[in-house]
1. For the range 91-154, what size does the Cα cloud have along each of its three principal axes, sorted from largest down, in whole Å?
2. Exceeding 29 Å between C-alpha atoms, which entries from my cross-link table qualify? They are LYS164/LYS365; LYS82/LYS104; LYS155/LYS285; LYS408/LYS556.
3. Each residue of the range 259-276 in turn: what ³J(HN,Hα) in whole Hz from Karplus with 6.51, -1.76, 1.60 and θ = phi - 60°, glycine and Pro shown as x?
4. Pull up the cross-link candidates among the aspartates and glutamates for LYS378, meaning alpha carbon to alpha carbon under 14 Å and not fewer than 8 places away within one chain.
5. Quick query: amide H of HIS344 versus all other amide H atoms, modeled in the peptide plane; which residues come in under 5 Å with a sequence gap of 5 or more or a different chain?
6. Round to the nearest 0.05 the FRET efficiency obtained for ALA63 and GLU323 when R0 = 56 Å and r is the Cβ-Cβ distance.
7. Run through every distinct alpha carbon pair of the chain and return the Kirkwood hydrodynamic radius in angstroms, one decimal place.
8. In what sequence, highest mean first, do 184-191, 299-306 appear when ranked by Cβ atoms within 10 angstrom?
Amino acid sequence: MMEKAQIAAVLDEIALLLELNDENPFKIRAYSSGARILENLTEDLDELIRTGRLSEIPGMGEALVDKITTLRQTGTLPFHQKLRATIPAGLFEVMQIQGLGPKKVRALWKQLGVEDLTKLKEVCESGAVAELKGFGEKTQTKILEGIKNRVAYAKRHRWVDAAKIAEPILAGLRALPQVKHAESAGSMRRSRETVGDLDFIVASSEPAPIMAWFVAYPGVKEVTAHGETKSSVRFENGLQADLRVVPEEQFFFALHHFTGSKEHNVAMRHRALARGLSMSEWGFKAVDENQTAPGAKDEAAVFAALGLPWIPPELREGLGEIEASEAQALPKLLELSDLKGAFHNHTTASDGEHTLEEMAAAADKVGWEYLGISDHSKSSFQAHGLDEGRLLQQMEAIAKLNASKKFKVRILTGSEVDILRDGTLDYADDLLGRLDFVVASVHTLFNLDSEAQTARIIRAIESEHVDMVGHVTGRLLNRREPYAVDLTKIIDAAAANETIIELNSNPWRLDMDWRWWRRAAEKGVLCSINPDAHHQDHLDFVQHGVRMARKGWLTKDQVFNTRSLAEVLRWLGRA
Ligand code: DGT
Ligand code: CA
Ligand code: CA
Ligand code: ZN
């Protein structure tokens, strides 16, 4: 059985294929509007099919109903398959080049025989594209750029990298005299771990100078659109940004709409319709023309009009946030100021850049009650892991430093101990037992199969000396995939053994992924927001951990390092 969203995607693809085949525009529109209707259906699709009521929905013709029924029941559609076979497979890649819609792709295909990217490049370089009606030199150059940069343009950007670009732009927009409000929306505002593009929303009655400022912003490498109320630019690193200027009374609707997610928006629109309102980026419209629709003077008013308390953007992923809001059961999300200290930090003893004292000074600056030091263990020789002797020396140095009262922060002795191939640990139990806390991490053998990798980590979780498991999947965003591991089983083992799971806050890692935390918390697993600092400045990384914890619906109670020093020591069995 095929889901509604997948059926809609097939209908959209049919519309695209028909357009490539230069079919009747009405027919094309029928498929794409059919896809939209399907996305917005609140009623049970099977029920609608069974009772024949699907065809009574305006816009749902016989042909469409037949195809939806076939897709729902069999998961494929011969019509779609046949249509797909009429298009060279390479054209799908050609369509992903920036600025190439179905009409242009068809012209390139039919008139110049372009069936893939190689051929496209060839006809651009020969100058043939510039000669085509509706193309020209400029388009030809743009297509070549698009081919050259297609990897960079298709790439998603880490949230931190996108934020570095977005923050000064937002500040610049807010400083313009014509700007009433300015916000960054989209995945950036929802705090996704990676961002496809930036979406700025501005309220103003005078968009022209704002647009002019935006397209001339330093660092803009290319202006991909410059309209009256919408412009798009691309920066050096390939990141694209959209700017939309709306009248003030539309601002909070536009902000809500472009914050997304799409899934959240679809659910909100259903809810609005059930209340006699149609909802869009422009505002509410009463379905009954004699009624007036509510406006919104802030974002909370958009939700309030639908009987809902405001939902934090991080939760707007269409994962039950509207139901929770309706039930007054939204979590009170963790905040940065809730943190009272942090575990998992390195010093120059292993691969950190700052000494113990420098790290203590940095923690004092943040105002933390405690700072857990956990350098690497001896197997991590490439990171200058500590052998037993050096670890004992470090423990002594920490005891002295704490006794000296030179810093307010209490340093806790620990280790990021390597999990060895079989799940045993890199130090003997009696040594581990003398530390204040132990983080156990995998740093080798990423290629083990899921069963072996999972068993290895679970064995470490079961060790009575392991308090936390570090960066549980080993992923590096955009760089290294997570190793194969069964997180369901890891979470169950952590719950059974009262082992904390780390939320590694290094912006490359953000591991464990936010999608798993609700499940972990429901099972009673504690989260520790760990900076994994290798530099004084890295203590700040916890802000990213907090963002991800919020995305994972975590509250203060579910996060270990919101506890006081006394509570933490008690939990660790050290007081
Ligand atoms: P990204 O840029 O891929 O990281 O993710 P977003 O969420 O920023 O997506 P983007 O930039 O394409 O669009 C921004 C928001 O606009 C999106 O989260 C929801 C809204 N939006 C865009 N397209 C649609 C759509 O087709 N339907 C609905 N309901 N909302 C949409
Ligand atoms: Ca976006
Ligand atoms: Ca966008
Ligand atoms: Zn590590």
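The values are calculated or read from the model by the stated rules, or taken from the named source; none is laboratory data. The model shown is predicted, which means the values in this text are computed figures rather than measured ones. Here the Cβ positions follow ideal geometry from the backbone for every residue, glycine too, while neighbour counts run over all protein chains shown. Note: areas computed on protein heavy atoms with side chains; ligands, DNA, RNA excluded. Shrake-Rupley method; radii C 1.70, N 1.55, O 1.52, S 1.80 Å.
1. Over the range 91-154, Cα extents along the principal axes are 29, 21, 18 Å.
2. Too far apart for the 29 Å limit: LYS155/LYS285.
3. Values per residue, Gly and Pro as x: 6, x, 6, 4, 4, 4, 4, 4, 5, 5, 5, 4, 4, 4, 4, 4, 9, x Hz.
4. Cα-Cα hits under 14 Å: ASP351, ASP387, GLU388, GLU416, ASP418, ASP426.
5. For HIS344, the qualifying residues are GLY372, SER374.
6. Plugging the Cβ-Cβ distance into 1/(1 + (r/R0)^6) gives 0.95.
7. 27.3 Å
8. 184-191, 299-306
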